[in-house]
Structures are given as structure tokens and as C-alpha cells.
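Here the structure is laid out as C-alpha cells; the discussion comes afterwards.
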Amino acid sequence: MPSHRHLTPAHQQTLLRIFEHHGAQPIEWADLLHLIEGVGSVVEEEHGRYKFIVNGEHHVFARPRHDKLTNAEEVAELRNLLERARMTP
């Protein structure tokens, strides 16, 4: 389990799910936004795109069609952002 002091138990659970994601269980968009807002910031841009900023690192994501992150490539990009920002479990 992640031990980042500033993470709530819900944030910790979401972070763990991102790094253990194998496509079987989708990651809820609301949970993801809650995590990123808790450790950084989210800037809503045009056309359903969101810039996630964590520890000076950033990446722009498109909001998933069904409010669930299931695409393995998108999850890998999210993991990469969190790894660069030193937010790993």
C-alpha cells in the first residue's frame, strides 16, 4: 500500500489500482480526478481534455467516453506521469 503521508485512504487505493491495472477493472474518472486534485492540480481545457499537473510534471488526458479509464495505453501514460512526479506506490 502506498505510504505517502498526504494521501487519503481513497487516494492510496486509486494510486495502487493505477499501478496494478491489468485492464480487468476500469479506473473511475471521478476517482482519478480526486487523486490528482489531492496531489496536484487539474486544469480543464477545451474539447473534454484535462491537464494533470503533479510535482511540476504534466500530461493532457482526454476524458473517457464512459467515465472509466480502461485503455491500457492511457493507463500507461498516467503511470508514466505519476512515476515522473515521484508518486508511486
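Only the coordinates and a few stated rules stand behind these numbers; no lab work does. Bear in mind that the values here come from a model prediction, so they are computed numbers and not experimental data. Every residue, glycine as well, gets a Cβ built from its backbone with ideal geometry; the counts of neighbours run over all protein chains shown.
If the only charges are +1 at each Lys and Arg Cβ and -1 at each Asp and Glu Cβ, what is the size of the charge dipole of the chain around the Cα centre, to the nearest 20 debye?
On the way: 10 positive and 13 negative charges, 41 e Å.
The calculated dipole for the chain is roughly 200 debye.
I need the fraction of alpha carbon pairs in region 1-84 separated by more than 14 Å, rounded to a whole percent.
Details: 2124 of 3486 pairs.
Beyond 14 Å sits 61 percent of the P(r) for region 1-84.
So what is the 222 nm mean residue ellipticity for the chain from helices alone, if each DSSP H run of at least 4 adds -39500 (n - 2.57) and you divide by all residues, rounding to the nearest 500 deg cm²/dmol?
Working: 3 runs with 36 residues, N = 89.
Only helices count here, giving -12500 deg cm²/dmol.
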Fill in: 5 angstrom amide H check on MET87, placed H, neighbours 5+ away
none
Fill in: Order of LEU16, LEU69 - criterion: other Cβ atoms within 10 Å of each residue's Cβ, fewest first
LEU16, LEU69
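Taking Cα pairs under 8 Å and at least six residues apart, what relative contact order does the chain come out at, in percent?
Working: 114 pairs, mean separation 27.2, N = 89.
Taking the mean separation of contacting Cα pairs over the length of the chain, I get 31 percent.
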Discussion item. Amide H of HIS59 versus every other amide H placed in the peptide plane: which residues, excluding those fewer than 5 positions away on the same chain, fall under 5 Å?
Written reply: PHE52
